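Asks: Next up is a structure, given as structure tokens.
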Amino acid sequence: QLGAMAGWQFALILISALSALIGLLVLLLVTDTAQVEQRKMVDILRDETPQLGQIFCLPTFLIIIGQGIFGTAPWFAFSYLTMWLELNCFSNAEAASIYMCFNLGTALSNALGGVLLDVICRRFPDHGPPAMAQSAVFASIPLFGLIFFGLGQGVHGNITDSPSHVMLVYCFTFFITGTLIASTMMNNNKMFSDVVPREKYTYVYALDRAIEGTFGAFGQPIVGWLADHIFHFDPSRANTLSCSPEDASSLAQGIYSVCASGCVICFLFYSLAHYTYPSDRKRTLRATAARSQASKSAESSDEQNL
């Protein structure tokens, strides 16, 4: 509580204010160059639809989209982690601190993963990115198994030590988990950039975000349905804001079911990428080299004519 305002209300108001401030700064500081030719929506759809068809003919693109449909669901399901920690008898501040460690790990994963990906791609250009993505999704299964079923029920669980030691163990485990599992998006972007012509990047990334975000959002209701109907979660008892290890266990089983099944399917999709990504990457390299050679030839011909 912040006076008469709930903490979550203050957080939403703060984020809204910062978003409005960024929008104002963009309006004041960014110069937008107007297009000379304004096209109607019908013309845009007619001109751009063939390019979308070409993108959907790329096997690696379809594989990455396929894994993303299932692989994004666990990330939406992770929104229940704070509730799970509170049901495991952690205070609001403790649960927020533990989840912050997870987010810090995911942020660090992008930096460390980028360096590691550069090294791997130099040594294994054809199979490095799919293998690295497989490692991340495979690591998610035992790591979240450790969190939900190994560490146990918070301060009343399997760690029989002082509360500060329990916090340290949870924070460390969440941080390591975030660091090891969050590099898949970076690997996907790398594979996208290798198999798609440069001029089509915007279509690819927009389609990827739209499709994965739409289907991945079903992860949250699936967790809720599993916890309520399969694992006997009691919402009325959980809404009393007191710790409830039994309901935490039910919620954990729902989250882990979505996480583990999504990661297994992702792993299988990335296995297919070992067969499609090398050929798609080489095809794109040949096409890029051919366009570059044609451009140089055209420039040379123009110089001779001059």
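The values are calculated or read from the model by the stated rules, or taken from the named source; none is laboratory data. These figures come from a predicted structure and were not determined experimentally. Neighbour counts run over all protein chains shown; Cβ positions are idealised from the backbone, glycine included. Surface accessibility is based on the protein's heavy atoms, side chains included, excluding ligands, DNA and RNA. Shrake-Rupley method; radii C 1.70, N 1.55, O 1.52, S 1.80 Å.
Asks: Which one of 206, 217, 210 is out of contact with any His (no Cβ under 7 Å at 6 or more places or on another chain), of a type in the set (Gly, Ala, Ser), in contact (Cβ under 8 Å) with a residue 24 or more places away in the chain and closer than 21 Å to residue 75 by Cα?
Replies: Result of the check over 206, 217, 210: 217.
Asks: Scan the range 166-182 residue by residue and report those that are open to solvent by less than 10 Å² (accessible area, probe 1.4 Å) and either within 14 Å of the chain's Cα centre (by Cα) or not hydrophobic (A, V, I, L, M, F, W, C) (or both).
Replies: Residues satisfying the conditions are 170, 177, 178, 181.
Asks: Let me ask something additional. If I filter the range 118-142 down to residues being among the aliphatic types (A, V, I, L, M) and surrounded by fewer than 20 Cβ atoms within 10 Å (Cβ to Cβ), which single residue comes out as nearest to residue 181 (Cα to Cα)?
Replies: Ranking the qualifying residues of the range 118-142, first place goes to 139.
Asks: Residue 90 passes all but one of (1) within 21 Å of residue 185 (Cα to Cα); (2) touching a helix residue (DSSP H, G or I) at 6+ places or on another chain (Cβ under 8 Å); which number fails?
Replies: Only one criterion in (1) within 21 Å of residue 185 (Cα to Cα); (2) touching a helix residue (DSSP H, G or I) at 6+ places or on another chain (Cβ under 8 Å) is unmet by residue 90, namely (1).
Asks: Can you tell me which of 111, 131 is at pLDDT below 90, of a type in the set (Gly, Ala, Ser) and part of a helix (DSSP H, G or I)?
Replies: 111
Asks: Could you tell me whether the range 27-47 includes any residue that is modelled with pLDDT of 80 or more, closer than 30 Å to residue 143 by Cα and out of contact with any strand residue (DSSP E or B) (no Cβ under 9 Å at 6 or more places or on another chain)?
Replies: No, the conditions are met nowhere in the range 27-47.
Asks: Give me the pairs: first residue in the range 54-77 and farther than 19 Å from residue 277 by Cα and open to solvent by 10 Å² or more (accessible area, probe 1.4 Å), second residue modelled with pLDDT under 90 and of a type in the set (Asp, Glu), beta-carbon distance under 7 Å, and six or more apart or on different chains, which are they?
Replies: Note: pairs meeting the criteria are 72/212.
Asks: Would it be correct to say that residue 103 is open to solvent by 40 Å² or more (accessible area, probe 1.4 Å) and modelled with pLDDT of 85 or more?
Replies: When the stated conditions are applied, residue 103 passes them.
Asks: A further question follows. Condition first: under 30 Å from residue 291 (Cα atoms) and surrounded by 15 or more Cβ atoms within 10 Å (Cβ to Cβ). Now tell me which residues in the range 198-234 satisfy that.
Replies: 200, 203, 204, 205, 207, 208
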